[in-house]
1. Checking Leu247 against (1) touching an Asp or Glu at 6+ places or on another chain (Cβ under 8 Å); (2) in a strand (DSSP E or B): exactly one of these is not met. Which one?
2. Residue by residue through region 29-51, note down the ones that are under 16 Å from Ala206 (Cα atoms), without any contact (Cβ under 8 Å) to a residue 40 or more places away in the chain and of a type outside the set (A, V, I, L, M, F, W, C).
3. For the list (1) surrounded by 19 or more Cβ atoms within 10 Å (Cβ to Cβ); (2) farther than 15 Å from Lys141 by Cα, I need the number of the one condition that Ala75 fails.
4. Among (1) open to solvent by 60 Å² or more (accessible area, probe 1.4 Å); (2) closer than 20 Å to Thr191 by Cα; (3) free of Cβ contacts under 8 Å to residues at least 60 places away in the same chain, which single condition is Ser228 missing?
5. Among the residues in region 250-266, are any touching a residue at least 24 places away in the same chain (Cβ under 8 Å), open to solvent by 40 Å² or more (accessible area, probe 1.4 Å), within 25 Å of Ile165 (Cα to Cα) and out of contact with any Leu (no Cβ under 7 Å at 6 or more places or on another chain)?
6. Scan region 205-251 for residues that are of a type in the set (S, T, N, Q) and under 17 Å from the mean Cα position of the chain (by Cα) and report the count.
7. Kindly list, by first and then second residue, each pair from a residue in region 94-114 that is under 13 Å from Ala75 (Cα atoms) and in contact (Cβ under 8 Å) with a residue 40 or more places away in the chain to a residue that is surrounded by 21 or more Cβ atoms within 10 Å (Cβ to Cβ) and among the aromatic types (Phe, Trp, Tyr), limited to pairs with Cβ atoms under 8 Å and residues at least 6 apart or on different chains.
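The values are calculated or read from the model by the stated rules, or taken from the named source; none is laboratory data. Worth saying up front: this structure is predicted, and the values here are computed from it rather than measured. We place every Cβ from the backbone using ideal geometry, glycine too, and count neighbours over all the protein chains shown. Accessible surface is based on the protein model in full, side chains and every heavy atom, while ligands, DNA and RNA are left aside. Shrake-Rupley method; radii C 1.70, N 1.55, O 1.52, S 1.80 Å.
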Amino acid sequence: MNDFAEDDSRKRLRTIWITGAGGLIGNYLVQTAKHFAPDFKVVGLTRSDLDLLDFPSVRQRFHKEKPQAVIHCAAMSQSPACQKQPALARQVNVGVTALLAELSADIPFVFFSTDLVFDGRKGDYVETDEVNPLSIYAETKVAAEKIVMANPKHTIVRTSLNGGISPSGNRGFNEQLRNAFRSDETVTLFTDEFRSPIPASATTRAVWELIGKNLAGLFHIAGGEKLSRWQIGKLIAGRCLELNPKLKPESLVNYHGAPRSPDTSLNCAKVQAHLSFALPGLSEWLSHCPEPAF
């Protein structure tokens, strides 16, 4: 009898799609769903599971599975690649988002955006501050945000640098630095470019809590500590001494290249008021983080 009751309960689980399940945040969402969202049947979609650029296939699968919620993490997120292929970046970051938002018109839809929608002139940005993207990547995120915000049931999460362990081993900012150290590269980092780094585990926990409370709208979810790229690198290097890390400080004053936002630190007071835990800064995360989780 209990077995039948358990099977019946499983049938009643609501289906939730998580795109970009092979990435850092998407993978954490899939892995933590049983703990934070036990009422959902999670369908983690990687590129091999479903080509999001194949719109007819996406529509067909959506109508077949009828998910009751969607978390859209998939994106073309490397800024240099977006600069080189702007048309593809717009297709992936704007076109796919528009399709999924349309299909999810009557259900909760969570879209991941970035702190880079701001030009970085002031820092400590709140949700109502005016956006001013400086890169193709950021432009595509701003365009996608406008589409998502048109639906009052939908949610936008702007986040910063996320750290942790990804399936590919190169998605977290900490992984990227460690890989550079392993390759004996000298990593140049700006002392006057600031972000709000956060562990992906905290980002995903916050998102699950928002979903659990049926909260829609625009939220900043980032670390509780504003750090320069140089400070971030020093903290990560301190956990990689066996790799003999090499860091070089530099200033944006001497930088020549694609535009960079000097201070996109995020003010997360709005979302913090709804969370059961404090969003950690990088220093706190590292101090409590066992080596395998780093």
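1. The single condition Leu247 does not satisfy is (1).
2. Matches in region 29-51: Gln31, Lys34, His35, Pro38.
3. (2)
4. Evaluating Ser228 over (1) open to solvent by 60 Å² or more (accessible area, probe 1.4 Å); (2) closer than 20 Å to Thr191 by Cα; (3) free of Cβ contacts under 8 Å to residues at least 60 places away in the same chain leaves (1) as the failure.
5. Restricting attention to region 250-266, the residues satisfying the condition of being touching a residue at least 24 places away in the same chain (Cβ under 8 Å) are 250-253, 255, 258-266.
Cutting the leftovers down to open to solvent by 40 Å² or more (accessible area, probe 1.4 Å) gives us 250, 253, 255, 258-260, 262.
With within 25 Å of Ile165 (Cα to Cα) added as a condition, the list becomes none.
Scanning region 250-266 turns up no residue that is touching a residue at least 24 places away in the same chain (Cβ under 8 Å), open to solvent by 40 Å² or more (accessible area, probe 1.4 Å), within 25 Å of Ile165 (Cα to Cα) and out of contact with any Leu (no Cβ under 7 Å at 6 or more places or on another chain).
6. The qualifying residues number 0.
7. Once the first residue is under 13 Å from Ala75 (Cα atoms) and in contact (Cβ under 8 Å) with a residue 40 or more places away in the chain and sits in region 94-114, its partners that are surrounded by 21 or more Cβ atoms within 10 Å (Cβ to Cβ) and among the aromatic types (Phe, Trp, Tyr) give Thr97/Phe111; Leu100/Phe109; Thr114/Tyr137.
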